[in-house]
Amino acid sequence: MRLVRDQVRVRVPATSANLGPGFDTLGLALGVWDEISVRAVAGETAVTVTGEGAGELPDGEGHLVVRAVRAGLEHAGAPQAGLDLICHNVIPHGRGMGSSAAAVVAGLVAARGLVSEPEALDDDAVLTLATQLEGHPDNAAPALLGGATAAWVDSDGPHAAAIPLYDGFVPTVLVPDHQLLTHTARAVLPREVPHDDAAFNVARTALLMLALGGRTDLLMAATEDQLHQHYRADAMRETAEVVRALREAGWPAVISGAGPSVLVLDDLDAATTAALTGHGWRVVRPGVPRSGAHLY
């Protein structure tokens, strides 16, 4: 195995995980894109970041994209090199929109583009490596594949399958101006949950498959959850209040990933959008890209 290119560029989308009941399983690609350029060099690794995270992220081997490129090259049996990495980040950090999964997937896809045998880093291999780096595949799967995905892990490793979306599906994302670290949001979750709560979420996840396929009359019931959102409410009280108010008004709103952004599985009307904007929320209608990370 050898490096056949000295430079590649990758685009990778934001994602939202869980979609309400599908904790650590369901994910949705969002049309907000980070762009990276990776160049193999003889010298030391250097990282330049513009946009989100500029001046805050590691500028060397500790950068998550660099670590992912390294993991991809090692998996493929390709030689390592110094890396000149340029990241233009648009995906908000610490908002539950999959910024870390995007970085990992982007680095792995970049490694695929650099090597002489890209099949060594096919989608299955990238998903496996991304899951090892991320801990779970719910965000990595839609970042890699686009669309909506269901991801799971068995004895053979992680897998993902596409979820059909009805024509005209337009999600809305509400982005606050503050962050919440994922490990903080996960720390409040219990290690065990009641059997009744697990059964509740199994039923709602099944309904959500129907709702995303076109049974929009089921969206409100399909986005109910008993496994994670109410446990996280105290850690993101403003988010929890917005979700509650939107749901009372008939909107299928959920916490986006680990929060604090809110995902609405519908196109919010103008009046609701104006009210939220007036209270400091950035309202985004990103669309759902049907393909994920790619060289360009």
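Quick notes on this structure:
- Test for Asp177: is it touching a residue at least 60 places away in the same chain (Cβ under 8 Å), at negative phi, assigned to a loop (DSSP other than H, G, I, E, B) and crowded, with 19+ Cβ neighbours inside 10 Å: no
- Residue, nearest to Trp251 (Cα to Cα), within the stretch 1-20, restricted to residues that are open to solvent by 20 Å² or more (accessible area, probe 1.4 Å) and in a strand (DSSP E or B): Arg11
- Considering only residues in the stretch 207-219 that are assigned to a helix (DSSP H, G or I) and open to solvent by 60 Å² or more (accessible area, probe 1.4 Å), the one that is nearest to Thr149 (Cα to Cα) turns out to be Met209.
- Contact annotation: residue pairs with Cβ atoms under 9 Å, 6 or more positions apart or on different chains, pairing a residue in the stretch 57-72 that is in contact (Cβ under 8 Å) with a residue 12 or more places away in the chain with a partner that is among the basic types (Lys, Arg), are Glu61/Arg67; Glu61/Arg70; Gly72/Arg112.
- Qualifying positions in the stretch 21-51 - acidic (Asp, Glu) and not in a loop (DSSP other than H, G, I, E, B): Asp34, Glu35
- Residue in the stretch 153-172 that is out of contact with any helix residue (DSSP H, G or I) (no Cβ under 8 Å at 6 or more places or on another chain), in a strand (DSSP E or B) and loosely packed, with under 15 Cβ neighbours inside 10 Å present: yes
- Positions within the stretch 108-146 being assigned to a loop (DSSP other than H, G, I, E, B) and under 17 Å from the mean Cα position of the chain (by Cα), in sequence order: Gly135, His136, Pro137, Asp138, Asn139, Gly146
- Residue selected from the stretch 182-196 under the condition over 20 Å from the mean Cα position of the chain (by Cα) and not in a helix (DSSP H, G or I), by the criterion nearest to Ser99 (Cα to Cα): Val188
- Applying the condition of being out of contact with any Pro (no Cβ under 9 Å at 6 or more places or on another chain) and among the β-branched types (Val, Ile, Thr) to the stretch 247-283 and asking which residue is nearest to Leu207 (Cα to Cα) yields Ile255.
- Taken over the stretch 231-274, the criterion of being in contact with a helix residue (DSSP H, G or I) (Cβ under 8 Å, 6 or more places away or on another chain), part of a helix (DSSP H, G or I), free of Cβ contacts under 8 Å to residues at least 40 places away in the same chain and surrounded by fewer than 24 Cβ atoms within 10 Å (Cβ to Cβ) is satisfied by Ala233, Ala240, Leu246, Arg247, Thr272.
The values are calculated or read from the model by the stated rules, or taken from the named source; none is laboratory data. Not measured: the values here are computed from a predicted model. No Cβ is skipped: glycine too gets one built from the backbone with ideal geometry, and neighbour counts run over all protein chains shown. Note: areas computed on protein heavy atoms with side chains; ligands, DNA, RNA excluded. Shrake-Rupley method; radii C 1.70, N 1.55, O 1.52, S 1.80 Å.
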